[in-house]
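Q: If you scroll down you'll find the structure; I have some questions about it.
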Amino acid sequence: RAHMGAHILCKMRGVPQQLKKPLGDFLPCGFCGESGHTACNVYLQVKKKSATVETNCQLSLPIKYAWAERGSAATPCRNVPIVCGLCPSTLTAGNPSAAQPAQWRYNMEEHLASVHPEYASPRNPDAQQRLPHVVWTSMAMTEVEERALGIPDSKIPAPFARVAGPDERLMSRASSWVCNAERR
């Protein structure tokens, strides 16, 4: 996961790399780097305070999610599956901890630009609606993380600013936003 995440991030930032096999072109798998295989779809199941990654990728390995999500000096890559807050939820009252379809963190910029083009994102900064704060905080990468994974300063993008404030919240998982003050 960490090794492939570094390759995905380098490709995303336009950093040349020599690979035995090229990465997939669209939303590459965080385990094998390929695209378009349904076996590589990832799901995230959250129960109480723990998260479990589910996939059928042949190269998948168990992930200690909380540790991987935080990163460390030894393993700075934080490319883990995250649930997109803009995609419709599949949770139900009868199954509140069902596994949710997820995207790899380093693929979220591409996911937003292709699936949610109405929202601003690093690849689509001029979109009509600001990116929800909760979505941005789930996908944001740090400069320290990028540098540690070999991204030169000249390739690290400027901080993304078209983010809604934390006081705004999603009314429905697939549509509009409302300011808490307006709801009173």
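Q: Listed residues 63, 8; which is among the aliphatic types (A, V, I, L, M), in a helix (DSSP H, G or I) and touching a strand residue (DSSP E or B) at 6+ places or on another chain (Cβ under 8 Å)? Steps first, please.
A: Details: 63 fails: in a helix (DSSP H, G or I).
Testing whether each residue is among the aliphatic types (A, V, I, L, M), in a helix (DSSP H, G or I) and touching a strand residue (DSSP E or B) at 6+ places or on another chain (Cβ under 8 Å) leaves just 8.
Q: Just to verify a result, which residue in region 23-73, among those that are aromatic (Phe, Trp, Tyr) and surrounded by fewer than 18 Cβ atoms within 10 Å (Cβ to Cβ), is nearest to residue 90 (Cα to Cα)?
A: Filtering region 23-73 down to residues aromatic (Phe, Trp, Tyr) leaves 26, 31, 43, 65, 67.
Those left that are additionally surrounded by fewer than 18 Cβ atoms within 10 Å (Cβ to Cβ): 26, 43, 65, 67.
Details: 26: 23, 43: 11, 65: 21, 67: 26 Å.
That would be 43.
Q: Can you pull out the residues in region 66-92 that are assigned to a loop (DSSP other than H, G, I, E, B), closer than 19 Å to residue 6 by Cβ and small (Gly, Ala, Ser)? Explain how you work it out, then say what you get.
A: Keep residues of region 66-92 that are assigned to a loop (DSSP other than H, G, I, E, B), which gives 71-80, 83-91.
Next cut, closer than 19 Å to residue 6 by Cβ only: 71-80.
Within region 66-92, 71, 72, 73, 74 meet the criteria.
Let's see how each residue does on (1) over 28 Å from residue 143 (Cα atoms); (2) modelled with pLDDT of 85 or more; (3) among the basic types (Lys, Arg):
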{"site": "49", "(1), (2), (3)": "no, no, yes"}
{"site": "66", "(1), (2), (3)": "no, yes, no"}
{"site": "71", "(1), (2), (3)": "no, yes, no"}
{"site": "78", "(1), (2), (3)": "no, yes, yes"}
{"site": "87", "(1), (2), (3)": "no, yes, no"}
{"site": "93", "(1), (2), (3)": "yes, no, no"}
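Q: Moving on. For region 131-150, how many residues are without any contact (Cβ under 8 Å) to a residue 40 or more places away in the chain, outside any helix (DSSP H, G or I) and buried (at least 16 other Cβ atoms within 10 Å of the Cβ)?
A: Narrowing region 131-150 to residues without any contact (Cβ under 8 Å) to a residue 40 or more places away in the chain: 131, 133, 136-137, 140, 142-143, 147.
From what is left, the residues that are outside any helix (DSSP H, G or I) are 131, 140, 142.
Those left that are additionally buried (at least 16 other Cβ atoms within 10 Å of the Cβ): 131.
Residues meeting the conditions: 1.
Q: Inside region 120-130, can you point out the residues that are without any contact (Cβ under 8 Å) to a residue 24 or more places away in the chain and farther than 16 Å from residue 13 by Cα?
A: Taking region 120-130 as the starting set, the residues that turn out to be without any contact (Cβ under 8 Å) to a residue 24 or more places away in the chain are 123-124, 126, 128.
126, 128, listed by residue number.
The values are calculated or read from the model by the stated rules, or taken from the named source; none is laboratory data. Just so it is clear, the model here is predicted, and its values are computed rather than measured. All Cβ positions, even for glycine, are placed from backbone atoms using ideal geometry, and neighbour counts span all protein chains on display.
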